[in-house]
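Below is one structure, written out as structure tokens; the observations come after it.
Only the coordinates and a few stated rules stand behind these numbers; no lab work does. These numbers were taken from a predicted model, which means no experiment stands behind them. So basically every Cβ, Gly included, is an ideal-geometry build from the backbone, and we count neighbours across all protein chains shown.
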Amino acid sequence: MNDMQPKILIIDDDAASLALVKAALSQGQYDNVDAFLNSTEGQKSYLENDYDILITDLRMPVLSGFDIITEVQNTLQNKPDIIVLTAQAEADSAQRALEMGAQKVFFKPYKVADLLDAVDGLLAARI
């Protein structure tokens with residue numbers, strides 16, 4: 001990878017989950033992170049900035065994770081890899097997210113090490 005720190009966006013309407021992901025990324029030495037509790041603010045950010053990875057919840061008010069995945073896939077020229085974090089334990093939601101273009105899905109609660117491994121792997125594949 002180049003010398004530039006990868007840029008990561010987190011969108012999750014749960015403050016505790018958002019803080020956990022941000023802390024996990026910091027633990028993995030990923031410090032170029034933007035985080036939003038409000039999905040429309042997160043949307044504005046990904047429309048204005050290039051991100052390497054987008055981490056999103058599925059169930060959020062206004063814009064769902066499904067809405068975000070659809071817009072990213074249909075609108076952005078430089079598409080980030082997408083990781084979905086969800087409390088939805090239904091396999092069909094995970095499958096739908098993957099079919100829409102997400103690379104990884106994690107069900108809450110998940111292991112921080114697994115999330116970091118996924119981030120590392122996706123970034124390594126972008127080289």
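In nm, what is the difference between 0.36 nm times the number of residues separating residue 117 and residue 16 and their Cα-Cα distance?
Details: separation 101, 0.36 × 101 = 36.36 nm, distance 2.11 nm.
In short, 34.3 nm is gained.
3J(HN,Hα) along segment 102-118: 5, 8, 9, 10, 10, 8, 6, x, 10, 8, 4, 4, 5, 5, 5, 4, 5 Hz, from the Karplus curve 6.51 cos²θ - 1.76 cosθ + 1.60 with θ = phi - 60°, whole Hz, x for Gly and Pro. Database remark: amide H of residue 60 closer than 5 angstrom to the amide H of 65 (H placed geometrically; neighbours at sequence offset of 5 or more, or on other chains; Pro and chain starts carry no H). The relative contact order of segment 1-110, computed from alpha carbon pairs under 8 Å that lie at least 6 residues apart in sequence, is 24 percent.
Under a model in which nothing but the beta-carbon of Lys, Arg (+1) and Asp, Glu (-1) is charged, segment 1-56 shows a dipole of about 60 debye around its Cα centre. Each of 29, 75, 42 was scored by the projection of its Cα onto the charge dipole of the chain, and the greatest displacement toward the positive side belongs to 29; charges sit on the C-beta of Lys, Arg, Asp and Glu. Backbone geometry of segment 34-42 corresponds, through the Karplus equation with coefficients 6.51, -1.76 and 1.60 at θ = phi - 60°, to 3J(HN,Hα) couplings of 10, 9, 9, 7, 9, 5, 6, 5, x Hz, x marking Gly and Pro. Each residue of segment 11-17 is assigned a 3J(HN,Hα), and the resulting list reads 10, 7, 7, 9, 4, 5, 5 Hz, derived from the Karplus form 6.51 cos²θ - 1.76 cosθ + 1.60 (θ = phi - 60°), x at Gly and Pro. Net charge of the neighbourhood of residue 45, taken over other residues with C-beta under 11 Å away and scored Lys/Arg +1, Asp/Glu -1, is -2.
Distances between placed amide hydrogens fall under 5 Å for residue 55 paired with 9, 10, 11, 83, all partners being 5 or more residues away or on another chain.
How large is the dipole of the chain about the Cα centre if only Lys and Arg carry +1 and Asp and Glu carry -1, each at its Cβ, rounded to the nearest 20 debye? Computed charge dipole of the chain: roughly 120 debye. Charged side chains reduced to their Cβ positions (Lys and Arg at +1, Asp and Glu at -1) give segment 56-127 a dipole of some 80 debye around its Cα centre. Modelled spin-label separation between residue 76 and residue 38, with each label point placed 7 Å from Cα along the Cα-to-Cβ direction: 2.0 nm.
Could you estimate the translational diffusion coefficient of segment 1-75 from the Stokes-Einstein equation, with Rh from the Kirkwood formula over C-alpha pairs, at 10 °C and 1.306 mPa s, in whole µm²/s? Numbers along the way, then the final one.
Working: Rh = 12.6 Å.
It comes out at roughly 126 µm²/s.
Here the extension length gained between residue 45 and residue 5 equals 12.6 nm, from 0.36 nm per residue of separation less the Cα-Cα distance. Rounded to the nearest 500, the helix-only mean residue ellipticity at 222 nm of the chain stands at -14000 deg cm²/dmol, with each DSSP H run of n ≥ 4 adding -39,500 (n - 2.57).
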